[in-house]
Every structure is written in C-alpha cells, then in structure tokens.
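Every number in this text was worked out from the coordinates using simple rules, so none of it is lab data. All values derive from a computational prediction rather than experimental measurement. For neighbour counting, all protein chains shown are included, and Cβ atoms are generated from backbone atoms with ideal geometry for every residue, glycine included.
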C-alpha cells in the first residue's frame with residue numbers, strides 16, 4: 001500500500017459545488033450573473049467543473065494559461081486582470097471577455113482581433129477609490145466607451161465594472177455601487193444602448209446581495225473567495241448569518257516532524273529573521289512545541305492557519321516549516337501525527353500551486 005504524502009490539501013468537491021449553488025441562486029434571484037473566479041485554485045479542472053455545475057455564467061481568472069485549459073468546459077471565459085499590450089494576441093485567442101483600463105491596450109486588442117478575424121468583448125474599469133486599475137476621471141471612461149463603439153469595430157463594449165477592497169481595502173457600500181450604477185447610465189446615454197454588464201466587484205460585494213441591498217443596476221459579480229473558503233466575510237467582516245456557505249471546503253493536512261519542550265522566548269541577541277522581519281516574543285516559560293512540514297514556500301504566509309484541534313496555536317513559520325504551541329492540546333502530540341487546519345484564500349492560492357503539496361479530491 002502506497003504511503004500518503006504530506007503536506008496534503010483535501011478539497012471537498014460536493015461542499016464547493018453547494019457553495020457555488022448557494023451564491024449563484026441568490027445572485028440570479030437579484031438579476032445578477034456570476035463569473036466564477038478560479039484563479040484561487042490555479043484553475044484546477046476538478047474544482048472549475050464544480051463552478052460550472054453550480055450555476056456560474058462565466059469562468060474567470062487573472063491568468064490566461066488557466067483560461068486556456070478551461071475553455072472546453074463550455075462557459076464563456078473572462079480575463080479579470082487588465083492585460084499587458086504584449087498579451088493582446090492571447091487575450092483575443094483565449095478569452096471571450098476581458099477587463100480593460102487603457103486606450104493603448106484597447107488598440108492592441110483591436111489589432112489582434114483584426115489579425116485573427118475575431119471580435120472581443122471588453123469591460124471598462126472605473127476606479128471608485130481603491131486605487132487599483134481603472135479610469136479615475138469618469139468623463140475619460142465615457143469617452144473611452146464612445147471610442148470603442150465608434151472607432152474599434154472588432155472590440156465590443158460589454159460594459160463597465162469596478163474593483164474594491166483588493167488594494168486600498170475600500171469597502172463595497174451601497175453608495176459605491178450607486179456611483180457605479182450612475183456611471184453606467186452615463187455610458188449608456190453616450191453610446192445609445194444598454195450595457196450587458198455592470199460588474200460590481202468580487203466576493204466582498206456579494207455581502208450586499210446577501211443583505212438584499214445591491215442596487216438593481218448592478219447585474220454582474222466576480223466571485224471566488226466566498227465559495228472556496230468563505231473566510232473573509234465570516235472571520236474578517238464578522239458576518240454571522242451566512243451559515244449557508246461552508247468554510248470547510250479545504251482541509252490542510254500536515255505531518256509533525258519534531259515535538260519537544262523548549263523555551264518560549266529565543267535565547268541570545270535577537271536581530272532579524274530569515275525574511276528581514278524583527279519579531280517580538282512573549283516569554284511564557286518552557287512550552288511543548290511541534291514543527292509541521294509545511295512553510296511559507298508552500299503557502300505564502302502561515303499566520304492565518306486555523307487548527308481544527310483545541311489547544312494548538314500558531315507561533316511562527318519559516319520557508320519550509322511551521323511552529324505550533326501544543327502545550328494545551330488535550331491529547332499528546334507526537335512526531336508522525338497528522339494535524340488538520342482550516343485555511344484562508346491566500347493559503348489556498350499558494351497551496352494549489354505548490355509542487356510539493358498533494359491535492360486530494362473527495363465528495
């Protein structure tokens with residue numbers, strides 16, 4: 001019998017599909033289409049298939065390489081990271097939709113369409129304060145929309161959209177969505193027809209759907225985190241009435257490689273750690289510590305790991321291992337034990353891409 005390899009990321013596909021169904025049903029009831037964002041799981045096909053089965057209207061990613069693999073699943077694909085000019089040929093070849101924020105890139109998309117004999121749909125991005133991508137001057141966005149309509153015959157104006165919360169941590173509020181809705185109406189008046197898409201953002205914008213407060217003009221969301229882990233809304237935003245979404249789609253399993261009693265405060269002159277940080281420590285005396293064989297190279301940061309067992313707390317991590325305090329665990333933790341953790345979105349992104357992490361599917 002082959003021995004299991006660790007670290008191991010276990011994905012419950014049935015829970016994932018149910019999460020997708022819960023989100024898409026609520027969005028569809030409000031007249032909102034859903035682009036299922038698969039970049040968080042690096043476009044792995046077994047999980048992307050559950051986005052399709054769960055009722056998503058599009059598949060979306062920031063990576064063209066992921067969208068190219070998923071084209072056969074039957075849904076239109078959307079590139080949700082505004083592209084570089086050098087990507088124009090691949091954008092037109094692979095994606096049906098893309099988010100756009102620059103006139104020169106739009107020109108490159110038009111030229112690529114002409115060479116390939118295709119048309120391509122674009123969503124022009126408005127910066128509503130998060131200071132990531134998008135037109136800051138709203139009149140310039142309206143002018144860009146008019147230009148797409150009149151001067152770029154192979155580029156179709158699908159709509160407008162915005163991104164909130166990713167860089168500037170700006171909260172998607174009703175007021176922000178009304179600002180986007182008003183801008184959409186200005187664009188529609190300028191081009192003379194309704195927009196197919198008014199995209200109100202990502203998972204954090206879904207909170208307004210959950211609360212039945214999303215303005216009617218918003219008809220599209222780009223959703224990933226809420227169906228994959230539902231960590232941010234429950235744990236960071238404190239939303240307590242979202243039990244219809246499971247936070248246990250993923251389980252990280254890691255093996256203990258050392259466990260012994262040591263001082264809780266480092267001994268010697270403290271300087272900087274391997275990543276240039278200057279950490280501080282609490283002296284709690286001698287404590288039992290366990291090391292597990294998964295580290296920052298595998299999951300970016302391990303600071304938001306949530307141990308499934310009581311009495312286990314996170315202490316810190318290095319490139320290849322994570323250090324836990326297990327002094328208060330009701331059972332004795334030993335070398336070779338498998339410890340299980342809930343994880344946040346950022347850890348899922350890294351773990352599904354890590355070459356030394358085994359991904360297992362159940363359900």
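Can you pull the semi-axes for the stretch 250-362, root of five times each eigenvalue of the Cα gyration tensor, sorted largest first, whole Å?
Semi-axes (√(5λ), whole Å): 24, 18, 11.
Against the longest alpha carbon principal axis of the chain, how many degrees, from 0 to 90 and to the nearest 10, is the axis of helix 174-191 turned?
On a 0 to 90 degree scale, this one is about 30.
Averaged across orientations, what area in nm² does the convex hull of the alpha carbons in the stretch 96-166 project?
Reported value for the Cα convex hull: 4.5 nm².
Can you order the peptides 295-304, 236-245 by their average number of other Cβ atoms within 10 Å per residue, highest first? Show your work: numbers first, answer last.
Numbers: 295-304: 19.6, 236-245: 12.2.
Per-residue Cβ counts within 10 Å, averaged per peptide and sorted highest first, yield 295-304, 236-245.
Calculate how steeply helix 103-116 sits against the longest principal axis of the alpha-carbon atoms of the chain, using the helix alpha-carbon long axis, and give the answer as 0 to 90 degrees to the nearest 10.
In the chain, helix 103-116 runs at an angle near 80 degrees to the longest axis.
Say each of residue 84 and residue 174 gets a label point 7 Å from the Cα, pointing the same way as Cα to Cβ; how far apart are those two points in nm?
4.3
May I ask you to derive the relative contact order of the chain, considering only C-alpha pairs under 8 Å and at least 6 residues apart, and to give it as an integer percent?
Working: 775 pairs, mean separation 67.1, N = 363.
Across the chain, relative contact order equals 18 percent.
Roughly speaking, what is the stretch gain from residue 309 to residue 107, that is 0.36 nm per residue apart minus the C-alpha to C-alpha distance, in nm to one decimal?
Numbers: separation 202, 0.36 × 202 = 72.72 nm, distance 5.51 nm.
Roughly 67.2 nm would be gained on extension.
What is the packing order of peptides 48-55, 350-357, 227-234, taking the mean over residues of other C-beta atoms within 10 Å and listing the highest first?
Ranking, from highest mean packing down: 227-234, 48-55, 350-357.
Please list, by residue number, everything in the stretch 181-212 whose backbone N is under 11 Å from a paramagnetic label point 7 Å out along Cα→Cβ of residue 239.
202-212
Percent relative contact order of the stretch 250-362, based on C-alpha pairs within less than 8 angstrom and at least six residues apart?
Working: 216 pairs, mean separation 36.3, N = 113.
The value is 32 percent.
Given a Förster radius of 25 Å and the C-beta distance between residue 196 and residue 73 as r, what FRET efficiency does 1/(1 + (r/R0)^6) yield to the nearest 0.05?
Details: r = 21 Å, r/R0 = 0.84.
With a Förster radius of 25 Å, E is 0.75.
If I take R0 = 22 Å and measure r between the Cβ atoms of residue 335 and residue 286 in this structure, what FRET efficiency does the formula 1/(1 + (r/R0)^6) give, to the nearest 0.05?
E(calc), rounded to 0.05, equals 0.75.
Tell me the angle of helix 13-29 to the major Cα principal axis of the chain, expressed in degrees between 0 and 90 and rounded to the nearest ten.
Result, in degrees: 40.
What is the Cα convex hull volume of the stretch 306-361 when expressed per residue in Å³?
Convex hull volume per residue, Cα atoms: 114 Å³.
Taking a spot 7 Å from the Cα of residue 355 along the direction of its beta carbon, which residues of the stretch 267-297 have an amide N less than 15 Å from it?
Flagged as within label range: 297.
Is it possible to state the helix-based mean residue ellipticity at 222 nm for the chain, with each DSSP H run of 4+ residues giving -39500 (n - 2.57), the sum divided by total residues, to the nearest 500 deg cm²/dmol? What is it?
Values: 11 runs with 109 residues, N = 363.
Rounded to the nearest 500, the figure is -9000 deg cm²/dmol.
Kirkwood hydrodynamic radius, computed over distinct alpha-carbon pairs, for the stretch 1-143: how many Å, to one decimal?
Radius from the Kirkwood sum: 16.8 Å.
Let me test this: with uniform point scatterers at the alpha carbons of the chain, what is the Debye-based log₁₀ I(q)/I(0) at q = 0.08, 0.14 1/Å?
-0.47, -1.13
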